[in-house]
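The block underneath contains the structure these notes are about, expressed in structure tokens.
Derivation of every value follows stated rules applied to the coordinates shown; laboratory data play no part. No experiment lies behind these values; they were computed from the predicted model shown. For neighbour counting, all protein chains shown are included, and Cβ atoms are generated from backbone atoms with ideal geometry for every residue, glycine included.
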Amino acid sequence: MLFASTFPAETDEAVIDPQERIGAREAHTTAARAGADLYCELYATSEGSGPGRYVPGLLVGALSSCAAAFIAASISMPITLTALAVGLSLNFLERDRRLAPGLEFASRSLLRWAVLLLGARVTLADYVQLGIGVVGAILVIAMITLSAGVFLSRRLGYDTPVGLVAGVAVAICGASAALALADTLGRNRVSAGQLSAILVITATFSATAMVSYPLICHALGLGDVATGFVLGASIHDVAQSLGAAYGVSLSSGHVATIVKLTRVALLGPILIGAGWLFSDRDGAANVSPVPWYVVGFFAAAACNSVGLMPGGLALAASDVASALLVCAIAATAIRSPLRHLSRGGWRPVLPIASATVIALGGALFFARMLKL
């Protein structure tokens, strides 16, 4: 009786309408699949009502961040690198659509709040302390690096938005800048696969730079101030830049901190410029010329500059920004379509590698020219 109720009874095919036969087959296939869906995976959906739909993905992102923090503290590695590694190791969860709302929220909304809170790290006094020559050198290095990423990406057949994301990852602050710019440009301009490739390649070069650049500075006989400038102006990620500099000396670390945060401050104008540049083109309806979190970035920086933000609050905001960035990086790595990363071969590596070399060369040149 069980099989009789599952399969249609045999009858004369001449009296069955062909459309009815197709409908019966589709109904049977659906029923069979539903019966095999023991863990609700085949028909899991990201749709739902209420904030509860974000909980599973956010929980996975939070646990991934905790794991990344533990690993980073245990083996003395930058937390952004361990967050990317943990997220990629959990990439198999990308197929579970129940996690999609929370992971998407973590990779987009939490990132925007992190960018806003990064403004608490920047003050006008930092720029005054550097001097106009050093600030100008940082601007030139960043713009040349960014332009190199765009130019080489275009030569290799990529669209301008992809080149911008690759260039800003090297020129500004690694994964966080790439994520922020990709979010501003929109998914129709920079795909998840392209963004994932940029994040992985940038993290690899940044980790290499953290180890090798201090050795290069030592071999060239640079002093602490010059070394701090070079490491702050050329290494991609904030944590790796400061980690490398403080590993040399306290004075190098202080200089690198100011230089690196000056690069971070350039993220706001770049996001605004990208928004205006692409706001009137096809498919850019989701691009805001002035994203709200960029406005918040400058507002936080202004409050910190004029003393409206107490030191403890600024430090707390900076810590929260770091935590949100780690969660956003882990969630982005989990959502990354790794099966698409190998399609481009070595082509995605070349723009980032070239921009990395240009950034280092420019930093060394200005360190000598400014006699730091």
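Bins of 10 Å, beginning at zero and ending with the bin holding the largest distance: percent of Cα pairs per bin for segment 55-369, please.
Histogramming segment 55-369 at 10 Å steps yields 7, 28, 38, 23, 5, 0 percent.
Cα convex hull of segment 76-140: how many Å³ per residue?
Numbers: hull volume 9.5 nm³, N = 65.
Hull volume normalised by residue count: 146 Å³.
First select every other residue whose beta carbon is under 15 angstrom from the beta carbon of Leu360; then total the charges, Lys and Arg +1, Asp and Glu -1. Provide the component values of the computation, followed by the final result.
Details: positive: Lys260, Arg263, Arg368; negative: Asp237.
Around Leu360, the charge tally is +2.
Sort Tyr54, Tyr246, Tyr213 so the one with the fewest other Cβ atoms within 10 Å of its own Cβ comes first.
By the 10 Å Cβ count, ascending, the order reads Tyr246, Tyr54, Tyr213.
Take each of the peptides 73-86, 198-211, 157-170, average the number of other beta-carbon atoms within 10 Å over its residues, and list them starting from the highest. Don't skip to the answer; put the middle values down first.
Numbers: 73-86: 19.6, 198-211: 21.6, 157-170: 25.3.
In decreasing order of mean packing, 73-86, 198-211, 157-170 become 157-170, 198-211, 73-86.
Using packing as a proxy for protection, rank 320-327, 133-140, 250-257 so that the peptide with the highest average count of other Cβ atoms within 10 Å comes first.
320-327, 250-257, 133-140
Could you work out the relative contact order of segment 56-214? I mean the mean sequence separation of Cα pairs under 8 Å and 6+ apart, divided by the number of residues, in percent. Don't skip to the end; give the middle numbers.
On the way: 126 pairs, mean separation 26.7, N = 159.
About 17 percent, as a whole number.
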